[in-house]
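Report on one structure; see the data block that follows.
The values are calculated or read from the model by the stated rules, or taken from the named source; none is laboratory data. A quick note: this is a predicted structure, and the numbers were derived from the prediction, not measured. Don't worry about glycine lacking a Cβ; one is built from the backbone with ideal geometry, like all the others, and counts go over all protein chains shown. Quick note on the areas: whole protein, heavy atoms, side chains included, nothing else; ligands and nucleic acids left out. Shrake-Rupley method; radii C 1.70, N 1.55, O 1.52, S 1.80 Å.
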Amino acid sequence: MKINPFKLERYFAKYEFNTKYLLASSDCESLSIEDLLALEGDADSRFKEQWLGYTESQGSPALREEISQIYESITPDQILVHSGAEEAIFTFMQAALDPGDHLIVHWPCYQSLYEIAASIGCRISNWEARAENNWELDLDELKGLVQPNTKAIVINTPHNPTGYLMSRETYQETWQIAQAQGIFLFCDEVYRESEYDPADRLSAACDLGELGVSLGVMSKSYGLAGLRIGWIATQNQDLYQKIFHLKDYTTICNSAPSEFLAALALRHREKLTGRNLNIITTNLALLDGFFARHEDQLSWIKPKAGPIAFPQMIGHVVDEFCRQLVIDQGVMLLPGTVYDHPGNHFRIGFGRKNMPEALARLEEFIS
Ligand SMILES: Cc1ncc(COP(=O)(O)O)c(C=O)c1O
């Protein structure tokens, strides 16, 4: 398999573990194992008793039971646990697509959402989110992109990098278009449950019907990226079986300690998402002031969900700005060029507790 380098991951690899202030992270503030175990009285002793043999390839029944609680109509046997969302994107694309197929992708986006399909030999059409439309997607454009050999529409809501949350109407209409064509709606929902107003939360794609596929993960809204636990949820048994068979060639099964901790965390998921939403909303209030003070140099579309946004820089070249900022202030932003986006944008992350310090340094630099 030949595949292009993952630009965003390569950028993170360069800075993530040697830069003091990560002001571009898309995951929320994490926890220690000790913090997690403290959520249940006897968890500490149960964790120590955890057997370290192979686990069930689909994911442990206890974990799948907890994951199924996130959805309306999904049963544990419709969940397939993976090593992070990244592995699940890989297996879905390998299972659903053949060379010559066509894929429509909400763009800009996390690169694997189209790059894996490209490596299989698929043709990709971008369904483009534009800043001048407040990152809103155009349904007429989507209708125009559908071709006889289109196999799936890939969307990501809440969205990386813009923080865009699809409206209920656009989401329903997108689902109708997928259904009418008999193609998958693959919804990357890794930022779900981080809507600032819970009333804005969309139904999960897997709850819509057999052609809906949901991608979930412990990394983002729950802040537990180090567990490397993600999953596919789908009612489609044919797709499920294909993905299940592919896992034998990727990871076979998941880490037993991670499965234990993920199930524990999900039993308390409202506590975890509530804590992270608190951090996000506190930081957002600071960002409101910051962007107002620097509107001559920066403009942003305030998100409705998630810990990231994609502001535009005016009067600086974003790559050079980010490079100099890291050197001068030890603050990492993510230039929009890693998404191949030409608009001089950057990704800012505000799901971490030390965001105010990082922002103060950015402000010193920009002033
Ligand atoms: C939209 C999106 N999907 C999938 C992933 C992959 O998640 P993980 O690294 O937890 O596997 C990410 C990570 O940044 C993401 O932003």
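Hand me the list of strands (runs of 3 or more DSSP E) wholly inside segment 24-138 holding 3 or more residues that are open to solvent by less than 10 Å² (accessible area, probe 1.4 Å).
79-82, 102-107
Residue 68 - would you say it is within 16 Å of the ligand (Cβ to nearest atom) and closer than 30 Å to residue 137 by Cβ?
no
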Reported set for segment 153-181 where residues are in contact (Cβ under 8 Å) with a residue 40 or more places away in the chain and part of a loop (DSSP other than H, G, I, E, B) is 157, 158, 159, 160, 161, 162, 163, 164, 165
Being charged (D, E, K, R), assigned to a helix (DSSP H, G or I) and modelled with pLDDT of 95 or more, is that true of even one residue in segment 292-313?
-> yes
Residue 223: in contact (Cβ under 8 Å) with a residue 12 or more places away in the chain, within 15 Å of the ligand (Cβ to nearest atom) and in contact with a Ser or Thr (Cβ under 9 Å, 6 or more places away or on another chain), yes or no?
-> yes
Answer yes or no as to whether residue 252 is hydrophobic (A, V, I, L, M, F, W, C), in a loop (DSSP other than H, G, I, E, B) and either within 16 Å of the ligand (Cβ to nearest atom) or more than 22 Å from the chain's Cα centre (by Cα) (or both).
-> yes
Residue under evaluation residue 202, criteria (1) in contact (Cβ under 8 Å) with a residue 40 or more places away in the chain; (2) more than 22 Å from residue 243 (Cα to Cα); (3) among the aliphatic types (A, V, I, L, M); (4) out of contact with any Cys (no Cβ under 9 Å at 6 or more places or on another chain), criterion not met = (4)
Mind counting the residues in segment 108-153 that are aliphatic (A, V, I, L, M) and within 17 Å of residue 175 (Cα to Cα)?
-> 7
Which listed residue, of 284, 333, is open to solvent by less than 20 Å² (accessible area, probe 1.4 Å) and touching a Leu at 6+ places or on another chain (Cβ under 6 Å) = 333
Looking at (1) within 13 Å of the ligand (Cβ to nearest atom); (2) surrounded by fewer than 19 Cβ atoms within 10 Å (Cβ to Cβ); (3) acidic (Asp, Glu), which is the only condition residue 189 fails?
-> (2)
Is there a residue in segment 7-16 that is part of a loop (DSSP other than H, G, I, E, B) and modelled with pLDDT under 95?
-> yes
Inspect segment 25-35 for any residue being of a type in the set (Ser, Thr, Tyr) and more than 23 Å from residue 223 (Cβ to Cβ) and give the result as yes or no.
-> no
Which listed residue is without any contact (Cβ under 8 Å) to a residue 60 or more places away in the chain, closer than 15 Å to residue 254 by Cα and over 20 Å from the mean Cα position of the chain (by Cα), from 99, 61, 76 | 61
Could you say which residue among 247, 143 is of a type in the set (D, E, K, R), closer than 21 Å to residue 95 by Cα and either away from the ligand (no atom under 16 Å from the Cβ) or in contact (Cβ under 8 Å) with a residue 60 or more places away in the chain (or both)?
-> 247
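Of the residues that make up segment 220-234, is at least one outside any strand (DSSP E or B), farther than 30 Å from residue 35 by Cα and of a type outside the set (Gly, Ala, Ser)? Reasoning before the result, please.
Within segment 220-234, the subset outside any strand (DSSP E or B) is 220-229.
From what is left, the residues that are farther than 30 Å from residue 35 by Cα are none.
Looking through segment 220-234, none of the residues is outside any strand (DSSP E or B), farther than 30 Å from residue 35 by Cα and of a type outside the set (Gly, Ala, Ser).
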Name the single residue, out of those in segment 209-219 being more than 9 Å from the ligand (Cβ to nearest atom) and outside any strand (DSSP E or B), that is farthest from residue 172 (Cα to Cα).
-> 210
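Which of the residues that make up segment 258-292 are of a type in the set (Phe, Trp, Tyr) and out of contact with any strand residue (DSSP E or B) (no Cβ under 7 Å at 6 or more places or on another chain)?
Within segment 258-292, 260, 290 qualify.
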